[in-house]
Amino acid sequence: PIHSEKELEEWQRKFLINRPLIGVCLESVRLVPNVAIRDVPLAYFCGIARPERFKEWIENQGAIIVKEWILADHEAPDLDSLKEFALHAQELGAKILLCTEKDFVKISSFEGIALPIIYPEMELKITAGRENWQNIVDKIGEKIDNYRTYGK
């Protein structure tokens with residue numbers, strides 16, 4: 001990720017990018033529901049491109065990981081497998097299941113799952129190129145205003 005205006009400029013020079021760039025990162029805002037996980041035994045599952053980052057985030061929160069289930073990127077957990085995972089995690093001492101917000105919305109049903117499921121609510125943070133971002137937002141706003149005014 002691009003973390004500063006200097007890095008943004010270096011990227012533009014290095015890759016000869018003649019378009020506005022924006023540096024962004026995801027930040028955890030809070031857990032849903034809002035609970036503490038420090039020293040809590042838990043199991044996690046995710047279907048994201050870089051599951052090691054999610055695991056690192058969990059470890060940085062001080063949770064005790066007793067079981068993990070890594071799905072393919074964008075793969076949704078099927079209910080029977082999720083029930084089995086939760087049951088086995090519970091047998092290993094897990095008190096909760098943790099997943100990404102992206103994975104949480106893919107769960108078809110929560111019926112019969114042995115443990116509560118929580119997820120971190122994420123927010124996109126602009127780390128560089130704020131002026132570029134504002135220009136894009138302004139252009140979108142102009143297009144919306146034009147559509148409302150002229151229907152085009």
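The values are calculated or read from the model by the stated rules, or taken from the named source; none is laboratory data. Just so it is clear, the model here is predicted, and its values are computed rather than measured. Here the Cβ is made from the backbone with ideal geometry for all residues, glycine too, and neighbour counts use every protein chain on show. For the accessible areas, the whole protein counts, side chains as well, though only heavy atoms, and no ligand, DNA or RNA atoms are used. Shrake-Rupley method; radii C 1.70, N 1.55, O 1.52, S 1.80 Å.
Within segment 1-115, how many Lys pairs that are eight or more residues apart, or on different chains, come under 18 Å at the alpha-carbon? Don't skip to the end; give the middle numbers.
Values: K6/K14; K55/K67; K55/K95; K55/K102; K67/K83; K67/K95; K83/K95; K83/K106.
Qualifying lysine pairs in segment 1-115: 8.
Under the combined filter of DSSP loop state and at most 12 neighbouring Cβ atoms within 10 Å, segment 23-84 retains none of its GluC sites (Glu not before Pro). Taken about its Cα centre, the chain carries a charge dipole of roughly 500 debye when the Cβ of each Lys and Arg holds +1 and the Cβ of each Asp and Glu holds -1. Given +1 at the Cβ of Lys and Arg, -1 at the Cβ of Asp and Glu and no other charges, the dipole of segment 1-69 around its Cα centre is 160 debye to the nearest 20. Note on K143: lysines with a C-alpha under 16 Å away, same-chain residues under 8 apart excluded, are K152. With the charge dipole of the chain set up from +1 on Lys and Arg Cβ and -1 on Asp and Glu Cβ about the Cα centre, the Cα lying farthest toward the positive end among the listed residues N146, A128, A36 is that of N146. Taking each DSSP H run with n ≥ 4 as -39500 (n - 2.57) and averaging over every residue of the chain yields -11500 deg cm²/dmol at 222 nm. Stretching S28 away from W133 to a fully extended chain increases their span by 35.7 nm, per 0.36 nm per residue minus the current alpha-carbon distance. Loop-located chymotrypsin sites (Phe, Trp or Tyr not before Pro) in segment 1-110 (DSSP state other than H, G, I, E, B) with a sparse environment of at most 14 neighbouring Cβ atoms within 10 Å: F15, F110.
Kirkwood's formula applied to the C-alpha pairs of segment 99-152 gives a hydrodynamic radius of 15.2 angstrom. Set the Cα radius of gyration of segment 64-137 against 2.2 N^0.38 Å, with N its number of residues, and you get 1.49. Rounded to the nearest 0.05, what FRET efficiency do V35 and E7 have when you use their Cβ-Cβ distance and R0 = 22 Å? Once rounded, the FRET efficiency stands at 0.05.
Cβ-Cβ distance of S81 and Y150, R₀ of 41 Å, FRET efficiency by 1/(1 + (r/R0)^6): the value works out to about 0.20. Rounded to the nearest 10 square angstrom, I113 shows an accessible area of 20 square angstrom against a 1.4 Å probe.
Percent of accessible area on segment 54-99 owned by carbon and sulfur, 1.4 Å probe? Working shown, then result.
Numbers: 1180 of 2540 Å².
Ligands and nucleic acids excluded, carbon and sulfur give 46 percent.
Over the chain, what is the percentage of antiparallel beta bridges among all DSSP beta bridges, to the nearest 5? The antiparallel fraction comes to roughly 45 percent. Note on L26: accessible area is roughly 110 Å² with a 1.4 Å probe, heavy atoms of protein only. A convex hull fitted around the alpha carbon atoms of the chain yields 165 Å³ per residue. The residues E111, E123, sorted by heavy-atom accessible surface at 1.4 Å with ligands and nucleic acids left out, run E111, E123 from largest to smallest. Excluding ligands, DNA and RNA, the accessible surface per residue across the chain is 67 Å² with a 1.4 Å probe.
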